[in-house]
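Some notes on the structure that comes next.
The values are calculated or read from the model by the stated rules, or taken from the named source; none is laboratory data. Computed from a prediction, not measured in an experiment: that's the story for all the values here. Ideal geometry is used to build each Cβ from the backbone, glycine not excepted, and the neighbour counts take in all protein chains shown.
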Amino acid sequence: MAAYGTIITNLGEALIANGFLLSRKVDITHMAIGDGGGGYYQPTPGMTTLRNEVARVTVNEVAMGADSGNVVIITALVPGDLGGFTIREAGAYDADGNLVAIMNTPDTQKVVAVEGASSELHIKMQLAVSYTDSIQFTSDPATIIATKQNITEHNESGAAHPEIWAQLEGLKLEDTALRAGVQEAKAALTAHDQSDGAHQGRIRSQQDQLSVLSGRVKTLENMLTTDIAENQTYLFFDSLDAVELIQGNYNTAVQRVECTKGV
């Protein structure tokens, strides 16, 4: 017989067998660890508790073994702030508090930070199960604890967050591509400005301002009798009494002599 190993308890065997017959799952939720009462011992199938439990943690994962179709692997993590004891035994408990499996381990010191060192500890139990369909396999993100080593490896990995890196790569533009984009935008703006329907409001406003300015020039010409904008020149008279009109025409409605340029 091996010095260390895992066995399914009699209660665990019964639960698994009944689960197979009644189509019910055995839901393993917690792992207890103990110091074995201070020394080494061999677990027996009739045990319903550890010899001396010192802590209990939530199971992180219950999964099928990769190399065998009837091996179930139960994984739990003892966090760094839990310790101050020597681990010599561990037990897998279901949701109803039944001890399904138990194992013994070589002496493993679990210290805490106040003792000068702190470390997280993974514990795995491997069970050879006849009816794996009776086991509830779980991998609950709410109960999985990322270890410091996991975080360090993730932060240093160039493959972390591939979807984000793909987006960043897509944003890297060569200078030539950027310049081409700017030129394309300028061309589109120019075409818009030159189109028949663009900026009609602004064009009408400018036309109105030009009309007003033209009227002001004409008024100034009339006042100065000077052809500023090469328009007609007008001379105003109350009447033509005693005046001989040689050239031009007298506009009686506005009382002025109208002469075109060069006349």
query: Exactly one of (1) under 26 Å from TYR131 (Cα atoms); (2) buried (at least 16 other Cβ atoms within 10 Å of the Cβ); (3) touching a helix residue (DSSP H, G or I) at 6+ places or on another chain (Cβ under 6 Å) is unmet by ARG88. Its number?
result: (1)
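Filter region 30-58 for residues that are part of a loop (DSSP other than H, G, I, E, B) and under 49 Å from the mean Cα position of the chain (by Cα) and give the result. First the steps, then the outcome.
Pass one, region 30-58, residues part of a loop (DSSP other than H, G, I, E, B): 35, 39-52.
Selection gives ASP35, THR48, THR49, LEU50, ARG51, ASN52.
Quickly run through region 57-69 and pick out the residues that are modelled with pLDDT of 90 or more and surrounded by fewer than 22 Cβ atoms within 10 Å (Cβ to Cβ). Steps first, answer last, please.
Filtering region 57-69 down to residues modelled with pLDDT of 90 or more leaves 57-63.
Result: VAL57, THR58, ASN60, GLU61, ALA63.
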task: Scan (1) surrounded by 19 or more Cβ atoms within 10 Å (Cβ to Cβ); (2) modelled with pLDDT of 95 or more for the single condition VAL72 breaks and write down its number.
output: (2)
statement: Of the residues in region 1-29 that are in a helix (DSSP H, G or I) and of a type in the set (S, T, N, Q), the one that is modelled with the lowest pLDDT is ASN18
- prompt: Residue check: is GLU53 at negative phi, at pLDDT 95 or above and assigned by TED's automatic domain parsing to the domain that holds GLN126?
  reply: yes
- request: Give just the number: which of (1) among the polar types (S, T, N, Q); (2) in contact with a strand residue (DSSP E or B) (Cβ under 6 Å, 6 or more places away or on another chain); (3) surrounded by 14 or more Cβ atoms within 10 Å (Cβ to Cβ); (4) over 29 Å from LEU22 (Cα atoms) does GLN109 not satisfy?
  value: (3)
- prompt: Quick one: in region 75-85, which of the residues that are surrounded by fewer than 21 Cβ atoms within 10 Å (Cβ to Cβ) and in contact with a strand residue (DSSP E or B) (Cβ under 8 Å, 6 or more places away or on another chain) is farthest from ILE135 (Cα to Cα)?
  reply: GLY84
